[in-house]
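What follows is one structure encoded as structure tokens, with my remarks underneath.
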Amino acid sequence: MAATSLDLRDLEGVADAYRLAPKAAAKAAQLALNSAARRARTLGSAAIRQQVALSAGYVNDNLKVRTFATSTDLTTRIAANPRAVLLTRYGAKIRTVKAKGRRGLTGDPARGIQAGRKAAGTKGVKIKTGGGTKRLAGAFWVRLAGSGQWAPVVRTGDGRNDYRVLYGPSVLQVWSDVRSTVAPQAMQHAADEFIRQFDRLS
């Protein structure tokens with residue numbers, strides 16, 4: 001996972017609060033930063049899903065607050081998964097057409113192809129949230145070793161295994177694009193929460 005850090009010491013007024021009431025300030029800072037980290041993660045998930053057509057569950061599972069602030073370390077880390085995302089997460093499905101001749105009568109239950117039909121590329125691919133779906137006529141499907149998942153691939157050579165698996169953007173890729181818009185909101189939340197907690201504790 002790749003991480004993005006937030007540091008409460010960047011906020012104005014924290015040093016003054018520490019001089020006035022160091023114990024209360026330390027606790028307020030810890031509570032404020034952890035609250036801001038959770039807010040940043042929520043905002044980040046929403047911002048990612050505004051860019052790409054991934055489900056909320058998938059994004060949330062792959063964007064997490066990795067490290068919470070403590071009384072001695074006022075930093076948090078939000079980590080995003082750099083793993084490339086299979087196109088099936090972006091809606092890719094096997095496209096089928098009516099089969100001709102006897103070979104097409106049984107279909108292919110393993111790939112979910114009904115009797116009387118045959119595979120004809122890939123449909124339903126949607127990367128951008130606001131975009132439409134695309135058809136990949138040249139893509140065919142293989143079962144991936146290890147996971148056993150079916151995934152669309154494209155041919156790279158004449159050999160049996162000469163193909164490349166097709167992927168969409170990772171959560172990290174999109175998070176890297178949107179985190180600069182999330183950070184100011186998260187830090188403002190931290191500032192407001194610090195004041196609220198400091199007033200409560202001091």
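The values are calculated or read from the model by the stated rules, or taken from the named source; none is laboratory data. A quick note: this is a predicted structure, and the numbers were derived from the prediction, not measured. Positions of Cβ are generated from backbone atoms using ideal geometry, with glycine treated the same way; all protein chains shown enter the neighbour counts. In case anyone asks, the SASA skips ligands and DNA or RNA and just uses the protein heavy atoms, side chains included. Shrake-Rupley method; radii C 1.70, N 1.55, O 1.52, S 1.80 Å.
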> When the dipole is taken about the Cα centre of region 96-202, and only Lys, Arg (+1) and Asp, Glu (-1) are charged at their Cβ, what size is it in debye, to the nearest 20?
Replying inline: 1120 debye
> Can you count the Lys pairs in the chain with C-alpha separation below 23 Å, eight or more apart or on different chains?
Replying inline: 16
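Averaged per residue, what accessible area in Å² does region 110-184 show with a 1.4 Å probe, protein chains only?
61 Å²
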> Sorted by mean Cβ packing within 10 Å, highest first, what order do the peptides 110-120, 87-97 take?
Replying inline: 87-97, 110-120
> When only Cα pairs under 8 Å and 6 or more residues apart are kept, what is the percent relative contact order across region 53-141?
Replying inline: 22 percent
